[in-house]
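The values are calculated or read from the model by the stated rules, or taken from the named source; none is laboratory data. As the structure is a prediction and not an experimental result, all values here were calculated from the model. All Cβ positions, glycine included, derive from the backbone under ideal geometry; neighbour counts span all protein chains shown. Only protein heavy atoms, including side chains, enter the accessible area calculation; ligands, DNA and RNA are left aside. Shrake-Rupley method; radii C 1.70, N 1.55, O 1.52, S 1.80 Å.
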Amino acid sequence: MTVSDPVVEAVVATLSRSATEIRQGLVGRRGAVDEENPSGETQVEADIWADELLAERLLAIDGISQYASEEREAIVDCGDTASAAGYTVAVDPLDGSSNLTSNNAMGTIVGVYDAPLPARGEDLVAAAYVLYGPITTMLLATEDTVSEYELTGGERRRIREDVTLPDDPVVYGFGGRVPDWTDAFTQYAREIETELKLRYGGAMIGDVNQVVTYGGIFGYPGLESRPEGKLRLQFEGNPIGYIIERAGGRSSNGEQSLLTVEPSEGIHERTPVFVGNEPLIDRLETQLS
Ligand code: P6P
């Protein structure tokens, strides 16, 4: 059940142990702090705590050369020259941490790049997300397959292998305020609303896991007020796009696969994000073209 690449296996085992501890440590860390992340979003205590915990543990892995986080401006280099040519991990320690206030699902996202950041999604060798739902689960994509695990007691137990999106889509979830959507996206969303059921919980991982489970589409579009959208290419778009494409779906920024987007504005660059069943993404790209 271990991952063939020993460095990726070490990352996955570390993530499994850390996620169990993160979930337990959320209690008492729900308060906002007087700090913002590099994207200008207010941080909660748990954001900073989870980031520090993951940085320490992931950088201690032989073969990890850099740690990049949505919560930190700069990339952290490992101190070990032996790992200098190793992988870079890109982490969203608590995606959707604002859901802590309302006690709703949130997640942790980890991308393992075989290139320094900012990198293309095609440079990923693995990606995983942890979902802190009623049960703590992890979805892991490698070059070989997509597997789902239940996490408990610091250990992982595989519950599904060769995970693929169901062929018949059922759910959709689109972020942003409707008046701020472009006319072209609004037209697309109006069609989808007549075909699928709304599932939008305000944390990408919870909404993406609905798409993986039932089939459908999740998107955070480019907006009139912010054409680049809200989500980050390196920490959210690429890893989630990698997972969904490995599970037989498609990803897009509205024009092309997220994994082929050439980064141009540093590690905190935002991008429109769409992931889901291929026919739905194809229709979207046609509508937005
Ligand atoms: P909104 C969480 O802050 C996040 O980055 C994603 O997890 C989520 O999909 C999105 O933002 C939610 O944004 O504008 O609906 O609050």
Next item on the list: Could you list, in sequence order, all residues of the range 87-128 that are in contact with a Lys or Arg (Cβ under 9 Å, 6 or more places away or on another chain) and of a type in the set (Asp, Glu)?
Entry: Asp92
Notebook entry, point to check: If only one of Val8, Val33 is touching a strand residue (DSSP E or B) at 6+ places or on another chain (Cβ under 6 Å), assigned to a strand (DSSP E or B) and either open to solvent by less than 40 Å² (accessible area, probe 1.4 Å) or in the same structural domain as Tyr129 (by TED's automatic domain parsing) (or both), which one is it?
Noted result: Val33
Next item on the list: Would you point out the residue of the range 139-182, among those that are within 16 Å of the ligand (Cβ to nearest atom) and within 18 Å of the chain's Cα centre (by Cα), that is farthest from Glu193 (Cα to Cα)?
Entry: Leu139
Check: For the range 144-198, which fully contained strands (runs of 3 or more DSSP E) count at least 3 residues that are surrounded by fewer than 14 Cβ atoms within 10 Å (Cβ to Cβ)?
Finding: 155-160
Check: Looking at Met106, Met1, which is the one that is more than 17 Å from the chain's Cα centre (by Cα), not acidic (Asp, Glu) and not assigned by TED's automatic domain parsing to the domain that holds Gly202?
Finding: Met1
Check: Considering the range 104-132 alone, what residues qualify as being assigned to a loop (DSSP other than H, G, I, E, B) and within 15 Å of the ligand (Cβ to nearest atom)?
Finding: Asn104, Ala105
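Here's the yes/no breakdown for (1) at positive phi; (2) away from the ligand (no atom under 16 Å from the Cβ); (3) touching a strand residue (DSSP E or B) at 6+ places or on another chain (Cβ under 9 Å):
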residue: Tyr220; (1), (2), (3): no, no, yes
residue: Glu224; (1), (2), (3): no, no, yes
residue: Lys230; (1), (2), (3): no, no, yes
residue: Leu233; (1), (2), (3): no, no, yes
residue: Pro239; (1), (2), (3): no, no, yes
residue: Ile244; (1), (2), (3): no, no, yes
residue: Ala247; (1), (2), (3): no, yes, yes
residue: Glu255; (1), (2), (3): no, yes, no
residue: Pro263; (1), (2), (3): no, yes, no
